[in-house]
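First the structure, in the form of structure tokens, and then the observations on it.
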Amino acid sequence: MQDLISYYQNQIEAHSITLSDVRKQLAGSSTLRLAVFITTIFFAYLFFENTKLVLGIAVIGIGIFLFLVSRHTNLQYKRDKLMALKTINETEIQVCHIFVLADFGS
């Protein structure tokens, strides 16, 4: 039984480390999306009189922004999955403790 508990604790630690990394990536992703959005608006304003250039900037900016949104969504999914795995492992440890207490009671 202790092997199971130590296994689940190791899993929790591994998921916690990965979760921390994913949260950092999410923060960076948010900042990068904001920077792309502001840069696109700035250059569109800067070259406002050249319609073709503004359209090119807008298309490229929107394309990059949508790519970053997709990447951010994937990171959010990964974060949610890791949080669920961590919760499952915590639940399993609680169940193991209940079985250990039940074994002592009989």
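Each reported figure results from applying straightforward, stated rules to the coordinates on display, with no laboratory input. From a predicted model like this one, the values you see are computed outputs, not experimental measurements. Using ideal geometry, Cβ is built from the backbone for each residue, glycine included, and neighbour counts are taken over all protein chains shown.
Take VAL100 and LEU4, extend 7 Å from each Cα along the Cα→Cβ direction, and tell me the distance between the two endpoints in nm.
Spacing of the two 7 Å Cα→Cβ label points: 1.2 nm.
Rounded to a whole number of µm²/s, how large is the Stokes-Einstein D of the chain at 10 °C and 1.306 mPa s, given Rh as the Kirkwood radius over C-alpha pairs?
Answer from the Stokes-Einstein relation: 93 µm²/s.
Measuring from label point to label point, each 7 Å out along Cα→Cβ, what is the SER30 to MET83 span in nm?
It works out to 1.2 nm between the two label points.
Based on the Cβ-Cβ distance of PHE48 and VAL69, what FRET efficiency does E = 1/(1 + (r/R0)^6) give at R0 = 25 Å, to the nearest 0.05?
0.50
Do you know the relative contact order of the chain, to the nearest whole percent, from alpha carbon pairs under 8 angstrom that are 6+ apart?
49
What value does the stretch 17-75 have for Rg/Rh, both radii from Cα atoms and Rh as Kirkwood defines it?
1.15
Excluding same-chain residues fewer than 8 positions from LYS24, which aspartates and glutamates have a Cα within less than 19 Å of its Cα?
GLU13, ASP80
Under the rule of -39500 (n - 2.57) per DSSP H run of 4 or more residues, summed and divided by the residues of the chain, what mean residue ellipticity at 222 nm is obtained, to the nearest 500 deg cm²/dmol?
-35500 deg cm²/dmol
Projecting each Cα onto the charge dipole of the chain (Lys/Arg +1, Asp/Glu -1 at the beta carbon, about the Cα centre), which of ILE93, ASN10, ALA27 comes out farthest on the positive side?
ALA27
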